[in-house]
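For reference, the structure is listed below as structure tokens.
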Amino acid sequence: MLTRSAARLLSTQTRAFSTSSARQTKVAVLGAGGGIGQPLSLLLKIDPLVSSLSLYDIRGAPGVAADVSHIDTESTVKGYTADQLDEALEGVKVVVIPAGVPRKPGMTRDDLFNTNASIVRDLATSVGRVAPEAHILVISNPVNSTVPIVARTLEKAGVFDPRRVFGVTTLDVVRAARFLGEVSGNDPKNTVVPVVGGHSGATIVPLLSQNAYGKAISGEAYAALVRRIQFGGDEVVKAKDGAGSATLSMAYAGAKFTNALLRGLNGEKGVITPTFVKNNVFADKGVDFFSSNVELGQNGVEKIYPIGPLSAEEEKLLEACLPDLKKNIEKGYAFVA
Ligand code: NAI
């Protein structure tokens, strides 16, 4: 049940969340004290499908938990310190991971690999041991490599299920809708386009031709729009000038994807969104993970959709994406091996 104030908040401030049933779920945020973790925890607190929120970080999570716990929605919130990861994961159904370092100006997401790979591997090891059936949503970059790291780590522990490990690429989808809305003069809800591939630079492939407004964009305007969708994250990194990367829009995107998964888990039909999962879409090219439209359901990934018809420009974007993506995935695998 929605409290009245939560219902008001949800209806007036965001259309990211919707409810489909009364079933509720325990969700953990690992990295809850960070730039993304804090606003993400806030947004999950006002998601009526979350019954209990478990906030973990190596620093600062109890403070975030105490703060967020005063919000007048029904869910309970608890914060955990560095040595309490196992307790934080007890009984958790969904684990969202924004733990790790963000980019500074001039850095690519791959530059974060050395620090974030081990953070993500260690967290995945604990999830595999304490909550082996949890759905894991990876935000930590480089997503193209951290998701294969999580998968391999769980595989080694004998608990990997490809229906339950997701790279969160929702921010690319959010940006694409917003930027196409801007250039075409439309409400972003009418300019939603699938963004497929991976989550960094040239591996981000927006399929503008699959939206009527997107299809109408051509020439220089098309090239500029594609570039902005692929490198939109750099605008934020540059504007923050050393203070990190996207946190607020990422928290929104992370909460939006979590809500979509929770709706699917609760039995809602037709919840379809791109996400970076293990699949066979380009297995023939040696690419094990690829983001394309996925139907989310009671087991997590229910159905993976083919990418659909591509324009000539999109064929080229895809050609550029696949070799990079393959390298990123192999780098992740090699780290665990
Ligand atoms: P941040 O530095 O503000 O926060 C990271 C948090 O992780 C810190 O509170 C830190 O204490 C915590 N942490 C570090 N090691 C940990 C561990 N072993 N266990 C638990 N917590 C740990 O960074 P921010 O801005 O929140 O970014 C987090 C990650 O998200 C970065 O890797 C960033 O690149 C990525 N990101 C991903 C996006 C996407 O679209 N998937 C978009 C934007 C950022």
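No value in this document is a laboratory result; all are computed from the given coordinates. These numbers come from a predicted model, not from an experiment. Heads up, the Cβs are rebuilt from the backbone with ideal geometry, glycines too, and the neighbour counts pull from every protein chain shown.
Assorted remarks:
- Full extension of the chain between K269 and Q84 gives 63.0 nm of extra length, using 0.36 nm per residue less the Cα-Cα distance.
- Listed peptides 216-225, 247-256 by packing density, highest first (mean Cβ within 10 Å): 247-256, 216-225
- Expressed as a whole percent, the proportion of Cα-Cα pairs in the chain lying more than 33 Å apart is 21%.
- Label-point gap, in nm, between K215 and I58 - each point 7 angstrom along Cα→Cβ: 5.0 nm
- In the chain, helices alone account for a calculated mean residue ellipticity at 222 nm of -14000 deg cm²/dmol, with every DSSP H run of four or more residues adding -39,500 (n - 2.57).
- When the square roots of the Cα gyration tensor eigenvalues are ordered a ≥ b ≥ c, the ratio a/c for region 213-264 is 1.5 or more and a/b does not exceed b/c, which makes its shape oblate.
- Anisotropy class of region 282-330 from Cα gyration tensor, a/c 1.5 cut: oblate
- Distance between modelled label sites at E74 and N280, nm, 7 Å Cα→Cβ extension: 4.2 nm
- The chain, relative contact order [Cα under 8 Å, separation at least 6], %: 17 percent
- Exceedance of the 27 Å cut-off in Cα-Cα distance is limited, within the set K285/K316; K104/K278; K45/K269; K256/K316; K45/K93; K215/K240, to K104/K278; K256/K316; K215/K240.
- Rg and Dmax [Cα atoms of region 146-240; Å; Rg one decimal, Dmax integer]: 16.0, 50
- Anisotropy class of region 180-324 from Cα gyration tensor, a/c 1.5 cut: rounded
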